[in-house]
């Protein structure tokens, strides 16, 4: 199996693990005190959406409601977003540091992250890689901006951040595929590479 494929599979495994953990913690009521209110608000939005589908409200009214509910749901997601950020950093930085360049996904795929000269990587480099490939910086910006911006400004800001994040992650993915050494943009920035370990 090519190392590029192994990287992709390892990343999917890792994202699945941290997503499950983040989701589980976000559903604990005494940790996420906004959980019930979020569900209630989302149900209200769903009713508005159903009314729009049934042509009971105009597109203009629906759009204004989307902006409002997007803002309210984002405010109620502050704790779950914070959990998401902490878990992703703890996993992608902590586990990599603990196992010297291997997450659980990479262990299963028998690959690891090293420096360009096969040197050991610092926690700061793992953190930078995590920020670049997981999208947590965008989540952080949105979590902070919800405390600053009003509804319309936040809606526009979240759209721009989401677009930038999507484009950057697309570039990272494409760069891994087209680079002859399988290095992504984040590898080039962090001066790292992913190598295949010899089977014992």
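Remarks
- Among the candidates 32, 65, residue that is surrounded by 15 or more Cβ atoms within 10 Å (Cβ to Cβ), closer than 22 Å to residue 135 by Cα and touching a helix residue (DSSP H, G or I) at 6+ places or on another chain (Cβ under 6 Å): 32
- Residues satisfying the stated conditions in region 100-137, i.e. touching a residue at least 24 places away in the same chain (Cβ under 8 Å), farther than 26 Å from residue 163 by Cα and surrounded by fewer than 19 Cβ atoms within 10 Å (Cβ to Cβ): 104, 108, 110, 114, 115, 116, 118, 123
- Of everything listed in (1) touching a residue at least 12 places away in the same chain (Cβ under 8 Å); (2) surrounded by 19 or more Cβ atoms within 10 Å (Cβ to Cβ), the single unmet condition for residue 162 is (2).
- Note on region 165-192: among residues that are within 20 Å of residue 109 (Cβ to Cβ), more than 21 Å from the chain's Cα centre (by Cα) and touching a residue at least 12 places away in the same chain (Cβ under 8 Å), the one that is surrounded by the fewest Cβ atoms within 10 Å (Cβ to Cβ) is 181.
- Screening residue 106 against (1) in a helix (DSSP H, G or I); (2) over 30 Å from residue 28 (Cβ atoms); (3) in contact with a strand residue (DSSP E or B) (Cβ under 8 Å, 6 or more places away or on another chain) leaves a single unmet condition, (2).
- Pairs linking a residue in region 41-68 that is without any contact (Cβ under 8 Å) to a residue 60 or more places away in the chain to a residue that is not in a helix (DSSP H, G or I), with Cβ atoms under 9 Å and 6 or more positions apart or on different chains, are 41/76; 42/76; 48/57; 50/56; 51/57; 52/58; 65/57.
Only the coordinates and a few stated rules stand behind these numbers; no lab work does. All of these numbers come straight from a predicted model, not from anything done at the bench. When we count neighbours, we look across all protein chains shown, and the Cβ atoms used for this are built from the backbone with ideal geometry, even at glycine.
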